[in-house]
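Since the structure comes first, as structure tokens, the remarks are kept for the end.
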Amino acid sequence: MPETRSWQVRWVGWGRTCIRATAGAGRGAAQFVADEWFFARQWWRRTPVQRKRTWQLTAGSAVAGLAVAAGAVATAGPWDSGQRTAERARAARWDGRGGERHDGGSPAPGAAPVLAALGAPVKGGGDSAPPPTRSGLADALAPLLKAPELGPVRTASVVDVATGREVFASHPGRTATPASTIKLGTAVAALSALGPDHRFTTKAVQDGRTKDGAARVVLVGGGDPTLTARTPKPGTPAAQRPAALGDLAADTARALKKRGTKKVTLRYDDSLYKGSPQHPIGPNENLAPVTALTADEARLDTSSHGTAPRASDPSAEAARAFADALRAHGIAVTGAPRDAEARRTATRLAAASSLPLSAIVERMLTHSDNDIAEQLARQTAVATGAPTTFKGGGRAVQRTLEQLRLPVARTVFHDGSGLDRDDRVSAGLLSHVLLLAAAPDHPELRPVLTGLPVAGFTGTLEARYADERAGAGAVRAKTGTLTGVNTLAGTVVDADGRLLTFAFMTNGTSDPYGAQRSLDRLASAVANCGCR
């Protein structure tokens, strides 16, 4: 929780000030104040811009009378692993009866879902806040859609969550290349088909013996997109640790030793998925070959997200890491691991379960993780009986969205990540996907909202909105970027406290950074708007 630590730093700083005050009691008060002012200025200059903005927002909200919201931020920090703590609690208790509990079981005090821009307090929340009008939003957004940095294809849709009405639109049904905003559809489809508590299982089984009497162990991939071969970072809570090959190997070694077995041959089974593992774009540092057995997304460096060199055969690479871990636990592994499908009669030795799908979806959206997206599209195909290929996963996502009565007419899903330039979705679909995720009767879809990057603070929006104070901290959105393609879709609470979903798409851009700034400006205009 990086921002929580920043608050801790702030309080530590005040503690040091008190210590200095005690130590300086014997010298002149004027000199002491001058020294402290010098230290304060130096500290402020070294403080990252995001932290400055957080404190400015909190101070402005407090002046405006948001004491409860400011208190919640000071206690828990406004950002929790890419999720706004107050928003997560609010999302879990739509009817006022559930949600997070504090101080011995009493409900947490109500708080606005976001902090407004400095000097612009949130006046209400949800249904009680006045809705924007179509003409008011048109006055604010239509001129911005004419920005020359945008490409020839420009579409937009803004929807009022409380009523479900589209309050601003510009060609909302026209389909365009979505890039990574298609991951919103992938997330909703996976959560709907599998459920937010679903976990993916990687297991080790014993499938007979070799001719020389060695036990044949098979590592069976279950499509866990966050399986790791790395040692967890110290201090990581057990509830936040992904499934680890090291833990699975330790459990497998114990089971083998109980059977009196200390020598094995190793095979690996990644047969859950069919078809080519290579995305149509070919080998690319944005995505590893998609197999049902992959550790650390087949990364060949120490990164956890973003581009990286990848192993050409993720399954074999994961099996080699598992073999090394078995040896470290006293099991002799003879020969190199080979591909072999486990028989149904094989005996389970051990299993490792992933984090819940809700947490995996949040990670995918915050960091725009292509590897997770493609795994979730395949898992949606598994759950719905569709072919477990790139196109099969895309079709499974589209059909699931259609069953949810979302506007999928003329859309095309060739994959789950948005790397395929032949994907086509509409701004209307994206805004309504987010609307469904906010619906009180679909709590299973709430991770789609809590996983969205926060403008100026987290994930793919961390470095954006430096010049958009109205949007920083208020806009939560999924980004989409390919050459000539810029898209943005998410949620925002406007100046009157009304929750809105939005989607802005442009194709054919020649100035990617200019187009990106234009989309950020559009979202900020919604945040700053009390458009009536």
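Worth pointing out:
- Neighbour-limited loop hits for trypsin sites (Lys or Arg not before Pro), the stretch 377-467 (at most 11 other Cβ within 10 Å; DSSP other than H, G, I, E, B): ARG405
- Surface analysis of the stretch 187-226 yields an accessible area of 33 Å² per residue, using protein heavy atoms and a 1.4 Å probe.
- Length gained on full extension, ARG405 to ALA250: 51.2 nm, using 0.36 nm per residue less the C-alpha separation.
- Charge tally around ASP420: other residues with Cβ under 14 Å, Lys/Arg +1 each, Asp/Glu -1 each, net +1.
- Heavy atoms of the protein chains alone define the surface here; on that basis the stretch 395-532 has 32 Å² accessible area per residue at 1.4 Å probe size.
- Stretch gain in nm, segment ARG344-ARG134, where the contour uses 0.36 nm per residue and the Cα spacing is subtracted: 69.6 nm
- Using the Cβ of SER518 as centre and a radius below 14 Å, the other residues enclosed give a net charge of 0, where K and R count +1 and D and E count -1.
- Note that the stretch 298-311 has calculated 3J(HN,Hα) couplings of 6, 6, 9, 10, 9, 6, 10, 7, x, 5, 5, x, 10, 5 Hz, one per residue in order, obtained from phi through the Karplus relation 6.51 cos²θ - 1.76 cosθ + 1.60 (θ = phi - 60°); glycine and proline are x.
- Gyration tensor verdict on the stretch 166-305 (Cα atoms; rounded if a/c is under 1.5, prolate if a/b is larger than b/c, oblate otherwise): prolate
- Other-chain or far-sequence residues with amide H under 5 Å of ALA350's (modelled H): ALA204
- Gained length - ARG259 relative to THR163, 0.36 nm times residue gap less alpha-carbon distance: 28.3 nm
- Computed over neighbours whose Cβ is under 13 Å from that of GLU149, the net charge equals +2, Lys and Arg +1, Asp and Glu -1.
- The overall shape of the stretch 336-464, judged from the alpha-carbon gyration tensor, is prolate: a/c is not under 1.5, and a/b is greater than b/c.
The values are calculated or read from the model by the stated rules, or taken from the named source; none is laboratory data. No experiment lies behind these values; they were computed from the predicted model shown. FYI the Cβ positions are ideal-geometry reconstructions off the backbone, even for glycines, and counts take in every protein chain you see. Side chains included, ligands, DNA and RNA excluded: accessible areas come from the protein's heavy atoms. Shrake-Rupley method; radii C 1.70, N 1.55, O 1.52, S 1.80 Å.
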